[in-house]
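Please read the structure below before turning to the comments.
The values are calculated or read from the model by the stated rules, or taken from the named source; none is laboratory data. This one's a predicted model, so the numbers in the text were calculated from it and none came from an experiment. Every residue, glycine as well, gets a Cβ built from its backbone with ideal geometry; the counts of neighbours run over all protein chains shown.
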Amino acid sequence: MKKNRAIQKIKVLFRRFETLTGLNLARFIPRQSTTILEKPKLELKEPRLLAYQLMGDKTEHLLPLFRELESNLQKSGLKINFRAYVSLTLFAAILASFSSLTLVPIILFLAFKIPLLPAFLFGIGGSLFTWAFSVITFYMYPVYRADKLKRELDDELTFATGYMAILSSAGVSPERIFLSLSGLSLPLAVSAEAKNVVRDVNLFGSDIISALEEVSRRTPSDRFRETLEGFISTIHSGGNSAVYLREKSKQNMRLKRISLRKFSDTLSVLSEFYVALLITGPLLLVIMLAVMAMLGGGNLGILSPDLLLDLVTYLGIPLGSLVFLIIMDAISPKW
């Protein structure tokens, strides 16, 4: 009888809450399954989920080989579990290796009329190369992402500390400072780190110091880690955080000026290399090859002047320009 009364009271409270909020709580309550035993289904949602379903249990003995990858994965900011990423790496490597083992012999046998046995041996070699290339690519991708995040944080730290100093001078609490920093409309890396702090405080129930220590442990930027550790020490000691942030902003501004001066010197050197390697050099080479083709000589083995001219024009210059663009993107400051 008492149990029925308690159930009735709970139902009344649910109805009152639904009336006040306008929500239908019934749709949030999971329904009991009608079947007692149900086999897990393999759902094709995302590649990482599929890889984890297929290979998650089989990667246990391989995880010690990827321990350094776990640290780089945490610093890269990728929202993926370590074991799930290892499973995705192995699954993609196996899939690419099997595709290479299947397609390379077929293409060599049908298109190039190579005998079946040499074509199959080429397929095995291509499969091994594809396996190694896939594993190395997945292994190095978090390193690239961590380095990219580090450069973005270092570029934005000058303005982020100035913004935090203004809020702290106005008497804003550290929690509110990072909440305001996370709500900026610009897609900044500092805002993403501030969102992690706000998530740990509001969702996981951590205090502001524990949340800052967790972000400081995972960040790839040494300057950002130093700033957070100094901010934590200031909160611990009861010091003036506004004065600390103003000093850090001035220090970061001086470092910003030095880095921009170094970038200007590096840019002048790169521009000279670009003119010499991709403007003057190809121009002289094209003139020389054109003259050689007109005279009807100057073959370099199987490479005729016409073929060399095509390689320089359609392959060498575009690839060289692409390499310079990648280098410029890697060293250019975002702010």
Extreme residue, farthest from ASN202 (Cα to Cα), among residues of the stretch 157-183 that are in contact with a helix residue (DSSP H, G or I) (Cβ under 8 Å, 6 or more places away or on another chain) and β-branched (Val, Ile, Thr): THR158
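How many of the residues in the stretch 181-195 are of a type outside the set (Lys, Arg), touching a residue at least 12 places away in the same chain (Cβ under 8 Å) and surrounded by fewer than 18 Cβ atoms within 10 Å (Cβ to Cβ)?
Of the stretch 181-195, the ones of a type outside the set (Lys, Arg) are 181-194.
From the residues that got through so far, the ones that are touching a residue at least 12 places away in the same chain (Cβ under 8 Å) too are 181-182, 188-190, 192-194.
Retained after the next criterion (residues that are surrounded by fewer than 18 Cβ atoms within 10 Å (Cβ to Cβ)): 192.
The qualifying residues number 1.
When you look at ARG246, is it in contact with a Ser or Thr (Cβ under 8 Å, 6 or more places away or on another chain), basic (Lys, Arg) and either more than 19 Å from THR161 (Cα to Cα) or part of a helix (DSSP H, G or I) (or both), yes or no? Lay out the reasoning, then the answer.
Numbers: in contact with a Ser or Thr (Cβ under 8 Å, 6 or more places away or on another chain): yes; basic (Lys, Arg): yes; either more than 19 Å from THR161 (Cα to Cα) or part of a helix (DSSP H, G or I) (or both): yes.
It is true that ARG246 is in contact with a Ser or Thr (Cβ under 8 Å, 6 or more places away or on another chain), basic (Lys, Arg) and either more than 19 Å from THR161 (Cα to Cα) or part of a helix (DSSP H, G or I) (or both).
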Hits in the stretch 157-196 - residues which are of a type in the set (A, V, I, L, M, F, W, C), within 20 Å of ILE209 (Cβ to Cβ) and either touching an Asp or Glu at 6+ places or on another chain (Cβ under 8 Å) or outside any helix (DSSP H, G or I) (or both): VAL172, VAL190
Considering LEU149, LEU117, which residue is of a type in the set (A, V, I, L, M), within 30 Å of LEU65 (Cα to Cα) and either outside the structural domain of ALA194 (by TED's automatic domain parsing) or part of a helix (DSSP H, G or I) (or both)? LEU149
Among residues of the stretch 50-78 being among the aliphatic types (A, V, I, L, M) and within 28 Å of GLU152 (Cβ to Cβ), the residue surrounded by the fewest Cβ atoms within 10 Å (Cβ to Cβ) is LEU78
So which residues in the stretch 239-253 are of a type outside the set (S, T, N, Q) and touching a residue at least 60 places away in the same chain (Cβ under 8 Å)? ALA242, LEU245, ARG246, LYS248, MET253
Identify all residues within the stretch 219-258 that are basic (Lys, Arg) and surrounded by fewer than 17 Cβ atoms within 10 Å (Cβ to Cβ); write none if there are none. ARG225, LYS250, ARG254, ARG257
